[in-house]
Amino acid sequence: MATNDGHHGPHDPHTGSLSTPDTTRESGLKYSVFLGAALLIVALSLWAIITPTGASDAIGSAVYWISRGFGWYYFLAATLYLVFALFVAFSRYGKVKLGPQHATPDYGVFSWAAMLFAAGIGIDLMFFSVSGPVSHYLAPPEGTGETVEAARQAVVWTLFHYGITGWAMYALMGMALGYFAFRYRLPLAIRSALYPLIGRRIHGRSGDAVDLAAIIGTIFGISVSLGIGVVQLNYGLRFMFGIPEGVAAQLALVVLAVLMATASAVSGVDRGIRRLSQLNILLAAVLMVYVLVLEGPIHLLNTLVLNIGDYISRFPSMTLNTFAYDQPVDWLNDWTLFFWAWWIAWAPFVGLFLARISRGRTLREFVAATLIVPFLFTLTFLSVFGNSAISVVRQGNAQFGETAMNAPEQGFYGLLDQYPGVTFSAGLATFVGLLLYVTSADSGALVMANLSSRLPTPITDARPWLRIFWAIATGLLTMAMLIVGGVDALTSATIIMGLPFSVVMFLIIWGLYRALRVERFREEALRTTLPSSLSVRTTAPGAARTWRHRLARTLSFPGRRAALRFLDDVCRPALHDVARALADRGVEATVSEETEPESALPDLTLRVPLGTEQHFGYRIRPVERPTPTFAMRSVAEHDRYYRMEVHLAEGGQDYDVMGYTRDQLIGDVLDQYERHLEFLRLHRETEARHVFPDHTPPQPHETASEDEGESPR
């Protein structure tokens, strides 16, 4: 859609706002990001395949160095990410939307919640739901194993590693990316979250480096899940069909997963990923209820409540427990440090995907849903399977405990084998595992393709061939790490790759906080100009006529002719009157018209450029709506009426000016213009403190149609 001044794209260069090749209408490849990431992944994969011993030794040395020198840092970083996410949700910024104020969610609550869960959790949930609790019960990080206290610790440590700390990393990345992409029309990429810090350099080498780091972290994080998945599925096939375990079978499973992930990723979010996510949730719930009933619901519900209480009471001490006086180094490397690095590695991929599906949600709603909805399911799943596994061990089955701890891929199937109907439950578990396996791979392929592409809008996806490439690259890296040392090599590589991106996440926190501070200026501008607006309304002549006129306007539901007449008799003259009055005072102002493809009536826009500051735009947009049944006339089935909705720079304002007099409409325009100038004044006062570099804040989503995919004016 063309802009009023003939430019294309989300921002007008004449206003001094952001306008760079990265936000053009044409799709393209970010060659430096794509080639850099692709060559590095291929090189690492070939190195691991050709010299597996050398790769294993190098990875082991790096992990030892990181765990010794930066273990404390991982604990502190994970805690600070959680604190910031909660701060945003509970602060005044929580009501800010991921998009303009008139944006509405793209997905229903169930579909959205299912994708939140399935994107952030892979087959590893099944892998560790039995192995984790049993390992912590038999060999806890502190205290004596195989006691009641060890049993209580066991499930809580597993919940801690899968709990709100990790989901806060996803929430942090998701709200930052969604905020800048949907509210300011920057690319839906990691680089955009750094705009308040480095300005237009996000479209140069600095931005490329950030996206490249995100892709590297993402592909290693996903490879861990795929590696765990193929090992577990390989054992599941042996358990059910006698197919031997080994590298050959595992490589065949990687190829199968790549093919399925490719088909799903190419079909897109709506047809592929959304449907697989919903199916995942339903089948995983069936499997959980199956074990709950057979193990004994009373016992498991008691332990579930106990686990919730223990998690809440012990969380503060666990979150910063570095075991400084008697540090179990191997346990930390295998569990807490690995999990925090793994969440960090997954954060760019999952955060970007969550932002992609959360347009129209408020920051408070987004953070709350991301922290609570998936965790409630994870809590129940881990409690049911973890406590069932501990019960089997406590009842004397020591062999099962040793197997679950030392061969985690066998633990889940070993637990199912304790109950009748194992053929059904094992088959269902294998199918659920395959779906979890595929949803991680296809979401990752889609996100990595988007990160390595230049896309016209935040909701546009990369080309299919690029999604196919990243699905294959992920499979290649998984194969290489399995050859080097199986799951242990993948977990070690994740600890290494998570470290540099954890620093980027702190920069994202800094940038998002600076940007959110600007939102406060809009509220203050509204508050400080409100007395002036009200005084004009209450002292206007003809007040008696005003309230009767207002009542008549409230009860009317005008059709197309009345709306067209209102545009001709009131709106157009009023906007031109304001433009002429501003021009008489030396202020440039223009009135333009444009008819949206889906609308039969033109939009009218008053535009006032303000130099390098964010320009003022007041748009009257005719919107057709079904006539409500309470209208004071007979309403037919397809009866429609028109609203004249006001849109400003920050989006739709959700009020209707249909029926205003010319003076009333002029008064509303001036109210909004005065409010905008007050906002700029408040913002200018903070520029000396470098809220935004180069004194050019990203322009908020302007007066576009309800489809945020189109270019705003």
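The values are calculated or read from the model by the stated rules, or taken from the named source; none is laboratory data. Computed from a predicted structure; not experimentally measured. Every residue, glycine as well, gets a Cβ built from its backbone with ideal geometry; the counts of neighbours run over all protein chains shown. Note: accessible area is taken over every heavy atom of the protein model, side chains too, but ligands, DNA and RNA are not part of it. Shrake-Rupley method; radii C 1.70, N 1.55, O 1.52, S 1.80 Å.
Select, from Ala114, Ala103, Ala151, the only residue that is part of a helix (DSSP H, G or I) and over 26 Å from Ala324 (Cβ atoms).
Selected residue: Ala114, the only one of Ala114, Ala103, Ala151 that is part of a helix (DSSP H, G or I) and over 26 Å from Ala324 (Cβ atoms).
Among residues of the range 391-416 that are among the small types (Gly, Ala, Ser) and modelled with pLDDT of 90 or more, those with a Cβ under 6 angstrom from a residue that is part of a helix (DSSP H, G or I) and open to solvent by 30 Å² or more (accessible area, probe 1.4 Å), sequence gap 6+ or separate chain, pair up as Gly401/Leu138; Gly414/Thr403.
All conditions in (1) farther than 28 Å from Asp461 by Cβ; (2) surrounded by fewer than 19 Cβ atoms within 10 Å (Cβ to Cβ); (3) aromatic (Phe, Trp, Tyr); (4) modelled with pLDDT under 90 hold for Phe338, with the sole exception of (2).
So, of the residues in the range 598-612 that are farther than 19 Å from Arg585 by Cα and open to solvent by 30 Å² or more (accessible area, probe 1.4 Å), which turns out to be nearest to the chain's Cα centre (by Cα)? Taking the candidates together, the pick is Glu598. Summed over the range 613-642, the residues that are open to solvent by less than 70 Å² (accessible area, probe 1.4 Å) and either at pLDDT 85 or above or within 30 Å of Leu555 (Cβ to Cβ) (or both) give a count of 17. Within the range 204-246, the set of residues being part of a loop (DSSP other than H, G, I, E, B) and either closer than 14 Å to Ala429 by Cα or in contact with a Lys or Arg (Cβ under 7 Å, 6 or more places away or on another chain) (or both) comprises Pro244, Glu245. Of everything in the range 90-141, what is modelled with pLDDT of 85 or more, closer than 20 Å to Gly360 by Cβ and of a type in the set (Phe, Trp, Tyr)? Give them in sequence order. If the condition is that a residue be modelled with pLDDT of 85 or more, closer than 20 Å to Gly360 by Cβ and of a type in the set (Phe, Trp, Tyr), then Tyr93 is the only one that fits. What do you reckon, is Ile390 among the aliphatic types (A, V, I, L, M) and surrounded by 24 or more Cβ atoms within 10 Å (Cβ to Cβ)? Yes; evaluated as a whole, the condition is true for this residue.
Applying a threshold of 8 Å to beta carbon distances and a minimum spacing of six or more residues, or different chains, the list of pairs starting in the range 167-182 at a residue that is closer than 20 Å to Ala103 by Cβ and ending at one that is in a helix (DSSP H, G or I) and of a type in the set (S, T, N, Q) reads Ala171/Thr370; Gly174/Thr370; Leu177/Ser192; Phe180/Ser192; Ala181/Ser192.
Of Arg454, Arg394, Arg463, all but one fail to be more than 30 Å from Leu186 (Cβ to Cβ), basic (Lys, Arg) and touching a helix residue (DSSP H, G or I) at 6+ places or on another chain (Cβ under 8 Å); the exception is Arg394.
Out of the residues in the range 169-197 that are assigned to a helix (DSSP H, G or I) and at pLDDT below 85, state the one that is farthest from Gly651 (Cα to Cα). Here the answer is Tyr184.
Summed over the range 133-156, residues that are among the hydrophobic types (A, V, I, L, M, F, W, C) and surrounded by 24 or more Cβ atoms within 10 Å (Cβ to Cβ) total 4.
Residue-by-condition table, conditions (1) of a type in the set (Lys, Arg); (2) farther than 15 Å from Leu352 by Cα:
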{"position": "Phe117", "(1), (2)": "no, no"}
{"position": "Glu142", "(1), (2)": "no, yes"}
{"position": "Ala154", "(1), (2)": "no, yes"}
{"position": "Leu159", "(1), (2)": "no, yes"}
{"position": "Ala176", "(1), (2)": "no, no"}
{"position": "Arg185", "(1), (2)": "yes, no"}
{"position": "Leu194", "(1), (2)": "no, no"}
{"position": "Gly199", "(1), (2)": "no, yes"}
{"position": "His203", "(1), (2)": "no, yes"}
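Residue count for the range 133-145 satisfying the condition of being more than 14 Å from Phe339 (Cβ to Cβ) and either in a helix (DSSP H, G or I) or free of Cβ contacts under 8 Å to residues at least 24 places away in the same chain (or both): 8. Scanning the range 243-278 for residues that are more than 24 Å from Ser443 (Cα to Cα) and either open to solvent by 50 Å² or more (accessible area, probe 1.4 Å) or at pLDDT below 70 (or both) turns up Ile243, Pro244, Glu245, Val247, Ala248. Only one of the numbered conditions (1) buried (at least 24 other Cβ atoms within 10 Å of the Cβ); (2) touching a residue at least 40 places away in the same chain (Cβ under 8 Å) is not met by Asp208, and that is (1). Residues in the range 59-70: is at least one open to solvent by 10 Å² or more (accessible area, probe 1.4 Å), modelled with pLDDT of 85 or more and out of contact with any Lys or Arg (no Cβ under 9 Å at 6 or more places or on another chain)? Within the range 59-70, not a single residue is open to solvent by 10 Å² or more (accessible area, probe 1.4 Å), modelled with pLDDT of 85 or more and out of contact with any Lys or Arg (no Cβ under 9 Å at 6 or more places or on another chain). Look at the range 212-231: where a residue is under 17 Å from Thr439 (Cα atoms) and open to solvent by less than 10 Å² (accessible area, probe 1.4 Å) and a partner is at pLDDT below 80 and not in a helix (DSSP H, G or I), sitting 6+ places away or on another chain with Cβ atoms under 6 Å, you get Ser225/Gly122; Gly229/Ile123. Determine, yes or no, whether Val130 is in contact with a His (Cβ under 9 Å, 6 or more places away or on another chain), outside any loop (DSSP other than H, G, I, E, B) and open to solvent by less than 10 Å² (accessible area, probe 1.4 Å). Here the answer is no, as Val130 does not meet what is asked.
Give the residue, chosen from Ser32, Ser45, that is open to solvent by less than 20 Å² (accessible area, probe 1.4 Å), among the hydroxyl-bearing types (Ser, Thr, Tyr) and assigned to a helix (DSSP H, G or I). Lay out the reasoning, then the answer.
On the way: Ser32 fails: open to solvent by less than 20 Å² (accessible area, probe 1.4 Å).
Step by step, each of Ser32, Ser45 is checked, and only Ser45 is open to solvent by less than 20 Å² (accessible area, probe 1.4 Å), among the hydroxyl-bearing types (Ser, Thr, Tyr) and assigned to a helix (DSSP H, G or I).
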